Every structure is written in C-alpha cells, then in structure tokens.
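Here is the structure we will look at, set down as structure tokens.
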Amino acid sequence: MKKLIIINGPNLNLLGKREPEIYGSNSFEDFFKELQKKYKSVKIVYYQSNIEGEIIDKLHEVGFNYDGVILNAAAYTHTSVGIADAVKGIETPVIEVHISNVHSREDFRHVSYIAPSAKGVITGFGLQSYELAIQSFL
Ligand code: DQA
C-alpha cells in the first residue's frame, strides 16, 4: 500500500474559519475524512504545524520511507530556506500545493523557495489541489 502524507503549514488549522472568501468554508479535517474514504487503497496521513522547525522535522521523519509528500507550507513557502533545504535533502518526492492561486495574489506570494525542488506545483483549485496531488502520486 502506498503511503502519502499531507503536511499543512501555518494558519491552515483555521481552514473553514479563516478568510473563507479565499480559502473556502470547509474544515480540513472534514475534507481529509472524505479523502480517506475515497482513496481506501492508499494510506494517507495528515500533519499540520504552525512551527517551521516542526515541519522540517516531519519532512525528515517521512522523507525516506513514504512514497509522496503533499506539502502546503502556506506562508513559509515564500520565506523558508530551511523547509526548501529539507525538501532537497529527502528522497521522497514532494508536490507543493496551494488552495488559492498564489499567482493571482500579492507579488510576495509569487515567489516559492520550495518549487525548484518540488516534483510539481498545484495551485488555485481549492481543496481539490490536494486531491490532484494524490492522483498524481497514484
Ligand atoms: C496558501 C497561500 C499562501 O500564500 C498563504 O500564505 C497561505 C495559504 C494557499 O494554500 O493558498 O497561508 O498556501
């Protein structure tokens, strides 16, 4: 059975409550339960942290024994050399995802430190961005 992990970065614990006009009104937990039901033949694990170092630790932990990482590093996408280096340093391929289309938003969101080391980037499809990443790994 393939093992995938979804890693969500800062403020994504507030999905459903946070700026719903941008990020929608569903909580990630509800969406994740649906994903697990729909993709029963895959082990999908979910991890969220608001702390940069914890995201790096999780990448190290899964990065040599999982088949894929689906990473929404949220604001750290645009700032974190540490997370980018972790993505470079592990073996497991990483797909960068975003709920919103970061390219239609502020200029600072057009920069990603992670994208050059990612297998690919999926941005702007709402929560479906995560599902597209799962499908790409299957
Ligand atoms: C985000 C986009 C980022 O620019 C922002 O900081 C987030 C969420 C997205 O999923 O659309 O927190 O990664």
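The values are calculated or read from the model by the stated rules, or taken from the named source; none is laboratory data. Just so you know, these numbers come straight off a predicted model, no measurement behind them. Cβ placement follows ideal geometry from the backbone for every residue including glycine, while neighbour counts extend to all protein chains displayed. Ligands, DNA and RNA are stripped out before the accessible areas are found, and what is left, the full protein with its side chains, is counted by its heavy atoms. Shrake-Rupley method; radii C 1.70, N 1.55, O 1.52, S 1.80 Å.
Before moving on, here are some points about what is shown:
- Those residues of region 60-97 which are part of a helix (DSSP H, G or I), away from the ligand (no atom under 16 Å from the Cβ) and in contact (Cβ under 8 Å) with a residue 40 or more places away in the chain, in sequence order: V62
- Test: residue in region 36-49 that is surrounded by fewer than 17 Cβ atoms within 10 Å (Cβ to Cβ), within 13 Å of the ligand (Cβ to nearest atom) and under 16 Å from N13 (Cα atoms): no
- As a summary of the residue check, N13 satisfies the conditions (1) closer than 12 Å to Y130 by Cβ; (2) free of Cβ contacts under 8 Å to residues at least 60 places away in the same chain except for the one numbered (1).
- Beta carbons closer than 6 Å, at least 6 apart along the sequence or on distinct chains, pair a first residue in region 22-44 that is hydroxyl-bearing (S, T, Y) with a second that is part of a loop (DSSP other than H, G, I, E, B) and open to solvent by less than 80 Å² (accessible area, probe 1.4 Å) for Y23/L15; Y23/I99; S25/G16; S27/L15; S27/G16.
- Lone unmet requirement of (1) within 17 Å of S49 (Cα to Cα); (2) more than 15 Å from the ligand (Cβ to nearest atom); (3) not polar (S, T, N, Q) for I134: (1)
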